[in-house]
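Here is the structure we will look at, set down as structure tokens.
The values are calculated or read from the model by the stated rules, or taken from the named source; none is laboratory data. Just so we're clear, the structure is a prediction, and the values are computed from it rather than from any experiment. We place every Cβ from the backbone using ideal geometry, glycine too, and count neighbours over all the protein chains shown. Surface accessibility is based on the protein's heavy atoms, side chains included, excluding ligands, DNA and RNA. Shrake-Rupley method; radii C 1.70, N 1.55, O 1.52, S 1.80 Å.
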Amino acid sequence: MESIASAPGKIILFGEHAVVYNQPAIAAAVDKKATISVKESQNDFTTLKSYDLDFEARLNTENKTYELVNGRPGIIRYILEALYQVHDHSPIDIILSTDFPVGSGLGSSAAVTVATLAALYGFHNKKFSKKTLAHNAHFVEKKVQGMASPLDTSISTHAGLIYLGMDKKISRFNVDFESTFVVGYTSRKRSTSKVVNKVSQLKNRHPYIVDSIMETIGLITEEAKMAILKNDKEKIGELMNINQGLLDSIGVNTTELSRMIYRARKYGAWGSKITGAGGGGSMIAYCPTRSGEVYHSLREYDNVIKVNISHEGIILKTRE
Ligand code: MEV
């Protein structure tokens, strides 16, 4: 039996980092996915392969170790942890396919974690709700990263556009917020946990200052929620730019991201900012108009893709 699950990547529109300190955030799923297929293995060991990412590894699911056969997968710890939580350690073959760049800030770790758990539930014929799936995927992310908010795993499970409140409750926006986003990403490797820890150290050194920056990001997110409900595009863009200034102030910007962010604004983005952890990774440009010009202006120097908001969350299929 083969169990196949796919989950979308995400962009964070407002509130990354502040969400780790219980501030609200707004995120959207995008039309790029990670897919995990699981089936019984003919071997007496578990394998993980990705043709898209060009890697292959043998996994030891009992002690969460692996042996690389080919390539250097950054995502493997999430898959191992998900297996550890759910699987009975019988040998299986796992294939990961993605249509978005892993390690680029589009939430690949959350999408892969959600897809892995769902594929394993399917494989073991275990019923689950989206709520349980998002909750368990968040647990896996926390185990791997140390600190993680439930934002990435929630959006990869539920899709659409969501608001995560200070009470950790998730609500979906019941409005037609459709726009193209241009995503520029750097090839510089970065790890979410390292960037999150760096911010936490800055907060330890300057607790009052960093606390009030996080609170201000929270205020921006609240205003943005109202602006999205009213479809006030100008305000949404302006608030993204203010949010960016504060992300810069907590040290998660880079020269490459900055170059893309300002270039995008110059060529017609209504707002632009880092999305996700920063320190490398991705920026987003909000382009209700002129997405073509922004896309081409970034493509001159950087890696770039266009994404749209996706309303398709986790999908699980099994076949004999
Ligand atoms: C990473 O995509 C978003 C952060 O806020 C971390 C998290 O929410 O776990 C930086």
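Points worth noting:
- Test result for residue 194, touching a residue at least 40 places away in the same chain (Cβ under 8 Å) and basic (Lys, Arg): yes
- Within region 29-42, residues that are assigned to a loop (DSSP other than H, G, I, E, B) have Cβ atoms under 6 Å from residues that are modelled with pLDDT of 95 or more in these pairs: 41/91; 41/92; 41/93, counting only partners at least 6 apart in sequence or on another chain.
- Residue 274 vs. criteria within 16 Å of the ligand (Cβ to nearest atom), in contact with a helix residue (DSSP H, G or I) (Cβ under 9 Å, 6 or more places away or on another chain), within 16 Å of residue 186 (Cβ to Cβ) and part of a strand (DSSP E or B): yes
- When residues of region 104-149 are limited to those that are more than 16 Å from residue 8 (Cβ to Cβ) and touching a Lys or Arg at 6+ places or on another chain (Cβ under 7 Å), the one nearest to the ligand (Cβ to nearest atom): 148
- Residues that are crowded, with 24+ Cβ neighbours inside 10 Å and closer than 30 Å to residue 271 by Cβ, drawn from region 27-57: 27, 28, 29, 30, 34
- Within region 1-18, restricting attention to residues that are within 16 Å of the ligand (Cβ to nearest atom) and of a type in the set (A, V, I, L, M, F, W, C), the residue that is nearest to residue 196 (Cα to Cα) is 18.
- None of 260, 283 is part of a strand (DSSP E or B) and either surrounded by 20 or more Cβ atoms within 10 Å (Cβ to Cβ) or within 16 Å of the ligand (Cβ to nearest atom) (or both) except 283.
- Sub-6 Å Cβ pairs linking a first residue in region 1-13 that is farther than 17 Å from residue 313 by Cβ and outside any strand (DSSP E or B) to a second residue that is among the acidic types (Asp, Glu) and open to solvent by 10 Å² or more (accessible area, probe 1.4 Å), at least 6 apart or interchain, are 1/320, ordered by first then second residue.
- For region 122-164, residues that are at pLDDT below 95, more than 13 Å from the chain's Cα centre (by Cα), over 20 Å from residue 312 (Cα atoms) and not β-branched (Val, Ile, Thr) total 5.
- Where strands (runs of 3 or more DSSP E) fall entirely within region 156-243, none has at least 3 residues that are surrounded by fewer than 17 Cβ atoms within 10 Å (Cβ to Cβ).
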